[in-house]
Amino acid sequence: MKRIFSSKIMKNYKIILLTFIGLTFFNCDLDENPIFLDAKATYSNLEIAKGALDGIYQSMSVYGAQEQRIFAVNGFSGLFVTRKNGNSSNNVNNINLFSLKPTYDRDSDAMWRTLYVAIGRANGAIANINTTESPTTASDLGFNDIKGQAYLVRAWLYLSLVRLWGDIPLRLELPDNKNLSKPKSLAKDVYAQIIDDAQTAAILINGATGPGYPKQYAANMLLAKVYMTLATSPDLQTDGISESQYWQLAYDQAIMVYGQYSLVSDYSSLFTDKFENSTESIFELQMSQDAANSQMGRNYTPYKYKLGQHFGWLCVSADVLLDHMAAYPNDPRIEGTYLYQYNRADNGNLVKIYPALSNRNQFGKANPYLFKFVEKDTQHSNQYGSQNLIIYRYADLLIMLAEISNELQNGKQLGYVTEVLDRVGMSNAAYQEDQSSFRDAIMREYRYELLGEGEDSNNNRRRGFDYFLIHTINKHNNNPIFSPKVDLLLSTDQTQVMQLPIPLSEINTNELIDN
């Protein structure tokens, strides 16, 4: 189902835009009379409230929140290089964000601004929708579900921000002339708010809004991810809760999702526009070429792989692909994840990139492309695309359960990861060792299964700087094929590599933040 693209919803969306503009303006000066629709009246109408929910999700699909967010989170993972702003290892993105030496970065700045816009929309729904403790009518269920969705979105948005920036402003209310500037809240407090929001979402979401929207299990999965982070981050933990207790909390949430979804048989089908909202999808953004103007395919499709515009902005560091090939020869996930050979759509000529091309003398051919977001239709000539973007999927949940179970030593870890490997016909031999070896193998498994989907930056860092340094940074810098001509030397400075600096757009407009 394409949620945001029917004529009825598009009409509702026009109302939403007016509503949110009105809410923004009349809340900036409480002494003025509102000049647009009243918020309470808007959110007391179920159909308009549904339209407002689509407006919230639409704000997660705009260029800054989607295309630039994906670019920023992948760029700061230590696993990618880019040809954006110059076909060279010395372009502005490669020497900055992609080398883990972040200063000012246009894409992460845009991500920050657009995610806070989406938070503002979610805040509007949370502030104005009334819920029912024991819903019995379709209307009661509908309002509960919409507000629960808003809580889920806000939790996910803040989780996306706090992972990258640490201490950040926590905006939970509608704006007025007294709260436009906000100081940074401690990351520990942001995580506490995320937990509260996700717990509320899990209670309120009931499926009443219909297909294409996440169910309450997305909130459970988000909570499990948060507890996994807190388990290995003492400075973020609540007093009195131990590491093992956090792992147990993570398991308790993740197991609620187990069995509610199933893996699709064809891994590669997950990254096409023909098999969307599959049995594996837990949280998926709905896209349409005509309505959402997604430029994911344009930005991440290699030169002449398809007709029309194509920029090829995300390439995977070659050593990441070689590591995957060494771990799982003939893994079908390789074909679905990387692209290093294709025939041009305009003239049919063969294009080879390392490792299909044996040498790595040219930067533009030294690292394979990330294939997941590539427009798969080679005859596609529009700059916009329709491929949905999966936020959470079931394979991730299974790997999480394997990791958590290994930490708890509950005896279930091998079963969970074997489900993921059976789908692609790969052996679980790497998981037959001790707890420490299993831990390292499962952290690599996230990379093999989920590379580029938005979790790499966090997964690489959440076990702390030393783990990130050994298993990502030094592993790349010391790789035998490393060449300064075509590879990025990743920073080893802990003050640089663990989080992004607050964007200039926030510093310049927020009187209570100066760095």
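The values are calculated or read from the model by the stated rules, or taken from the named source; none is laboratory data. These figures come from a predicted structure and were not determined experimentally. A quick note on method: Cβ atoms are made from the backbone with ideal geometry, for glycine too, and the neighbour counts reach across all protein chains shown.
Of the residues making up the stretch 117-131, those that are aliphatic (A, V, I, L, M) and either under 14 Å from the mean Cα position of the chain (by Cα) or in a helix (DSSP H, G or I) (or both) are Val117, Ala118, Ile119, Ala122, Ala125, Ile126, Ala127.
Residue count for the stretch 157-184 satisfying the condition of being touching a residue at least 60 places away in the same chain (Cβ under 8 Å), under 15 Å from Asp196 (Cβ atoms) and either of a type in the set (Lys, Arg) or out of contact with any Leu (no Cβ under 6 Å at 6 or more places or on another chain) (or both): 1. Select from the stretch 196-214 the residues that are of a type in the set (A, V, I, L, M, F, W, C) and either crowded, with 19+ Cβ neighbours inside 10 Å or in contact (Cβ under 8 Å) with a residue 60 or more places away in the chain (or both) and write down the one among them that is farthest from Thr131 (Cα to Cα). Selected residue: Ala198.
In this structure, does Ile502 turn out to be in a helix (DSSP H, G or I) and either closer than 20 Å to Ala318 by Cα or modelled with pLDDT of 95 or more (or both)? When the stated conditions are applied, Ile502 does not pass them.
The set of residues from the stretch 239-261 being under 14 Å from Tyr416 (Cα atoms) and either in the same structural domain as Gln199 (by TED's automatic domain parsing) or free of Cβ contacts under 8 Å to residues at least 12 places away in the same chain (or both) comprises just one member, Gly259.
Across the stretch 415-435, the number of residues qualifying as in a helix (DSSP H, G or I), out of contact with any Ser or Thr (no Cβ under 9 Å at 6 or more places or on another chain) and of a type outside the set (Val, Ile, Thr) comes to 4. Set side by side, the residues Tyr227, Tyr305 differ, and just one is buried (at least 16 other Cβ atoms within 10 Å of the Cβ), of a type outside the set (D, E, K, R) and farther than 24 Å from Tyr191 by Cα, which is Tyr305. Any residue in the stretch 260-269 that is buried (at least 20 other Cβ atoms within 10 Å of the Cβ), in contact with a Gly (Cβ under 7 Å, 6 or more places away or on another chain), aromatic (Phe, Trp, Tyr) and at pLDDT 95 or above? Yes - at least one qualifying residue is present in the stretch 260-269. When Asp290 is tested against (1) buried (at least 17 other Cβ atoms within 10 Å of the Cβ); (2) at pLDDT below 95, just one condition goes unmet, and that condition is (1). Can you find a residue in the stretch 316-328 that is touching a Lys or Arg at 6+ places or on another chain (Cβ under 7 Å) and either hydroxyl-bearing (Ser, Thr, Tyr) or more than 20 Å from Arg447 (Cα to Cα) (or both)? No, the stretch 316-328 contains no residue that is touching a Lys or Arg at 6+ places or on another chain (Cβ under 7 Å) and either hydroxyl-bearing (Ser, Thr, Tyr) or more than 20 Å from Arg447 (Cα to Cα) (or both). Residues of the stretch 211-231 that are among the small types (Gly, Ala, Ser) and at pLDDT below 95: Gly212 alone. Specify the residue that is surrounded by the fewest Cβ atoms within 10 Å (Cβ to Cβ); the eligible residues are those in the stretch 132-176 that are in a helix (DSSP H, G or I) and small (Gly, Ala, Ser). By that ranking, first place goes to Ala138. Looking at Asn406, is it more than 23 Å from Val73 (Cβ to Cβ) and without any contact (Cβ under 8 Å) to a residue 40 or more places away in the chain? When the stated conditions are applied, Asn406 passes them. If you take the residues of the stretch 394-431 that are under 20 Å from Tyr261 (Cα atoms) and of a type in the set (Asp, Glu), which of them is surrounded by the most Cβ atoms within 10 Å (Cβ to Cβ)? That would be Glu403. The conditions of being among the small types (Gly, Ala, Ser) and under 21 Å from the mean Cα position of the chain (by Cα) are not met by Gly411.
Condition check for Ala72 on (1) in contact (Cβ under 8 Å) with a residue 60 or more places away in the chain; (2) within 19 Å of Phe283 (Cβ to Cβ); (3) of a type outside the set (Asp, Glu): one failure, at (2). Looking across the stretch 473-495, the residues that are in contact with a Ser or Thr (Cβ under 8 Å, 6 or more places away or on another chain) and part of a helix (DSSP H, G or I) come down to Ile473, Asn474, His476, Asn477. Considering Asn93, Asn87, the condition of being surrounded by 22 or more Cβ atoms within 10 Å (Cβ to Cβ) and either over 13 Å from the mean Cα position of the chain (by Cα) or modelled with pLDDT under 95 (or both) is satisfied by Asn93 alone.
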